[in-house]
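See below for the structure under consideration.
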Amino acid sequence: MKCLICQKELSEASAYDLGPVPLFYGPVDKELEARLGNSIFDALLIECQTCSHVQQLLSSKVKNAVELVYQSNSANASTNFSASSLGKARFESVINNTTFLKQPKRVLEIGCQDAFVLYQLKRLGADEVVGVEPSNVDVYEEEDFSPYIVRGFFNPTDFDSHSFDTVIALFVLEHIDTPVEFLESIARVLNEDGQLVIAVPNAAEQLRRGDPGLFLHEHYSHFTEASLNALFSSAGFSIKHLQKTCSDYYIVATPSKEECSWPSIPEQLSRYNKQLASVKKCFSAWLEGGQLPGLWGANQAASNILSWTGCDQYRLYDGDEYLQGKYMSGMHAVINSPTKANLGKHDSICIVPISVQQVLFEECKTMGLPYYALTP
């Protein structure tokens with residue numbers, strides 16, 4: 001096996017086995033579940049000692065299962081930006097943390113979901129917006145908005161060379177098993193003075209804190225600042241702006257022939273494994289309280305920690321109204337609204353996602369409810 005960025009050989013014997021976890025893909029899709037059959041797979045991570053990239057040690061079984069997800073109506077594990085107030089808040093975070101080098105005029109978005117981002121950019125002055133989306137999600141309908149959407153995966157031959165001044169790919173890059181080639185293919189359709197806008201999860205923060213949500217079978221790469229610089233440089237791009245939050249990186253890059261060096265950050269997975277063991281231990285101790293546990297945040301972190309600790313009796317809560325009343329893959333409890341009446345049924349609430357941890361802390365304080373942070 002080779003590093004997805006620098007192509008150096010990796011020793012599979014050095015991989016970290018986190019233990020089997022369910023394939024998490026979002027709300028339960030019964031048709032997809034029937035096609036998947038067994039949906040419990042190993043969680044294996046490996047680290048490149050040359051460029052410090054952390055990636056999944058991918059088996060053919062996992063890759064085939066992920067391909068089935070992409071071919072289904074559940075291709076989007078996260079809620080579309082337009083589908084709920086939390087989705088729109090995620091869009092606002094993208095806009096607020098992205099430093100555009102120029103006003104986008106002719107825009108291509110790869111993995112555009114329902115094209116809500118393209119709609120907003122059109123409102124902000126873009127002349128032409130085009131999307132690429134593999135799933136069958138309906139396009140956002142508002143006013144006379146009618147974007148051109150290519151159904152399927154991105155192929156640069158579908159477009160004229162150097163025909164866009166802005167290419168956007170939000171939370172796509174971590175799903176790509178050939179990230180260098182992917183960025184090189186984007187360079188073929190981007191103007192020579194164009195801008196590439198990328199958003200990916202902040203794996204450095206997840207690794208540092210032992211976040212159980214780091215691992216997701218759909219995520220082939222787990223990016224840090226060091227590995228992002230290595231990747232963009234290898235693909236012929238220069239990062240001009242990088243903004244980070246506790247959960248994400250927002251990058252703006254331009255084509256460049258300059259080579260750059262990057263620092264190696266060894267033993268990331270060793271430290272992560274130790275911190276994750278501590279998180280599991282604390283969660284197991286919290287479960288021993290006796291009362292039916294309540295978890296706020298129905299995401300892959302909840303699915304993973306419940307699986308690793310063998311907890312099969314619990315209640316789930318999430319502020320995303322799109323998810324409420326549904327069941328999530330890998331979990332068997334319906335998602336409830338996090339009202340004071342609901343949350344007050346528990347001695348304390350486990351706050352799951354690190355992305356909105358402080359917000360949920362404040363909400364618990366306002367409601368006078370005790371809480372416990374899954375990832376301190």
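Any read-out appearing in this document is the output of simple, stated calculations on the displayed coordinates, not a laboratory observation. These numbers come from a predicted model, not from an experiment. Ideal geometry is used to build each Cβ from the backbone, glycine not excepted, and the neighbour counts take in all protein chains shown.
Label positions at residue 327 and residue 274, each projected 7 Å from the Cα along the C-beta direction, are separated by 4.1 nm. Each eigenvalue of the Cα gyration tensor of the range 85-255, multiplied by 5 and square-rooted, gives one semi-axis; in descending order these are 24, 19, 16 Å. Normalising by residue count, the range 137-191 has a Cα convex hull of 112 Å³ per residue. Structural size metrics of the chain, computed from C-alpha coordinates, are Rg and Dmax of 20.6, 62 Å. At a Förster distance of 25 Å, what's the computed FRET efficiency of residue 148 paired with residue 92, Cβ-Cβ distance as r, to 0.05? Working from the Cβ atoms, E equals 0.50.
Select from the chain the helices, each a whole stretch of DSSP H, whose alpha-carbon atoms run 27 Å or more along the helix axis and whose Kyte-Doolittle mean is at least -1.0; answer none if there are none. For the chain, where a helix must reach 27 Å along its axis and average at least -1.0, the hits are 268-287. Under 5 Å between amide hydrogens, built in the peptide plane, is the criterion, and for residue 237 it picks out 256 among residues at least 5 positions away or on other chains. Put simply, the amide H of residue 371, placed in the peptide plane, has neighbours under 5 Å in 349, leaving out anything fewer than 5 places away on its chain.
Under the simplified labelling scheme, the residue 138-residue 342 pair shows an inter-label distance of 2.4 nm, with each label point 7 Å from Cα along Cα→Cβ. Computed from the C-beta positions of residue 73 and residue 17, the FRET efficiency with R₀ = 22 Å rounds to 0.10. Panel note: the C-alpha atoms of the range 268-373, placed on their principal axes, show extents of 40, 28, 28 Å (largest first). Within the chain, the longest segment free of exposed loop sites, counting GluC sites (Glu not before Pro) that fall outside DSSP classes H, G, I, E and B and have at most 15 other Cβ atoms within 10 Å, spans 1-140. The DSSP beta bridges internal to the chain are antiparallel in roughly 45% of cases.
Between amide H atoms placed 1.01 Å from N, distances below 5 Å from residue 328 occur with 28, 333, all of them 5 or more places distant or on a separate chain. A simple spin-label model places pseudo-atoms 7 Å from Cα toward Cβ; at residue 31 and residue 58 they are separated by 2.5 nm. For the range 4-11, the Karplus equation 6.51 cos²θ - 1.76 cosθ + 1.60, evaluated at θ = phi - 60°, returns couplings of 5, 9, 9, 6, 6, 5, 10, 8 Hz by residue, with Gly and Pro reported as x. Shape annotation for the range 12-70: C-alpha extents along the principal axes are 42, 20, 19 Å, from largest to smallest.
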